[in-house]
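These notes concern the structure reproduced below.
Only the coordinates and a few stated rules stand behind these numbers; no lab work does. It should be emphasised that the depicted structure is a prediction, and the values quoted were computed from it without experimental measurement. Because the Cβ atoms are built from the backbone with ideal geometry, glycine has one as well, and the counts that use them run over all protein chains shown.
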Amino acid sequence: MTIKMKVVKTPNLNKYNNIARRRVQRAIATSGNLVRNDAIKSIQNSTGGGITYKKYNPNRKHNASAAGQAPNTDTGFLVSNIFLTYSVDKLTAFVTSRAKYSAALEFGTSKMKERPFMVPALEQNKKKIRKLIDKALSKMQRGSR
């Protein structure tokens with residue numbers, strides 16, 4: 001499951017200098033980190049609230065999160081599999097959860113209600129992301145350093 005953030009290239013983007021381009025790339029990198037970090041925090045700070053059941057391999061009890069809340073961490077595998085990567089031109093950031101069960105947690109299944117952690121992290125940061133990108137683009141258009 002991947003959340004993708006991309007600044008749509010304006011026709012004039014290539015004619016701006018490298019400093020302006022790097023400014024936009026930094027804004028995208030910061031934006032991706034905001035989303036990744038908040039997705040991780042939501043899992044680490046989950047208070048459970050769902051049912052407690054026994055799991056095997058390793059043998060332990062797990063307190064599940066309630067429906068609609070971020071998943072409750074168990075082994076740390078989900079958190080350790082949330083990555084931030086970039087396109088070659090660094091104008092697109094990808095926040096990806098590589099755990100096989102990520103989509104089932106995020107969107108639910110026929111047997112389990114959703115436990116979203118990626119989409120809420122993006123939603124929580126939309127205003128900050130827009131400000132970062134707008135600021136970088138406005139500096140480009142003004143030609144300021």
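Grab the Cα-Cα distance for Thr52 and Phe83, subtract it from 0.36 nm times how many residues apart they are, and report the gain in nm with one decimal.
Values: separation 31, 0.36 × 31 = 11.16 nm, distance 2.87 nm.
Taking Thr52 through Phe83 to full extension adds about 8.3 nm, to one decimal.
What are the extents of the Cα atoms of region 20-145 along their three principal axes, listed from largest to smallest and rounded to whole Å?
Ordered largest first, region 20-145 gives principal extents of 60, 24, 24 Å.
Taking amide hydrogens as modeled 1.01 Å from N in the peptide plane, which residues meet the under 5 Å criterion relative to Thr92, leaving out close sequence neighbours?
Under 5 Å from the amide H of Thr92 lie the amide H atoms of Ser87, each far enough along the sequence or on another chain.
Rank by packing, highest mean first: peptides 35-47, 71-83, with packing defined as the count of other Cβ atoms within 10 Å averaged across residues.
Details: 35-47: 18.6, 71-83: 16.2.
My ranking of the peptides, most packed first, is 35-47, 71-83.
FRET efficiency for Lys61 and Arg130, Cβ-Cβ distance as r, R0 = 35 Å, nearest 0.05? Could you put the intermediate results ahead of the total?
On the way: r = 43 Å, r/R0 = 1.22.
So the FRET efficiency works out to roughly 0.25.
Say each of Lys100 and Glu123 gets a label point 7 Å from the Cα, pointing the same way as Cα to Cβ; how far apart are those two points in nm?
Once both label points are built, they end up 2.9 nm from each other.
Compute, for region 2-142, the length of the dipole vector about the Cα centre, with Cβ point charges of +1 (Lys, Arg) and -1 (Asp, Glu) only. Units Debye, rounded to 20. Walk me through the intermediate numbers first.
On the way: 28 positive and 7 negative charges, 114 e Å.
Here region 2-142 has a charge dipole of around 540 debye.
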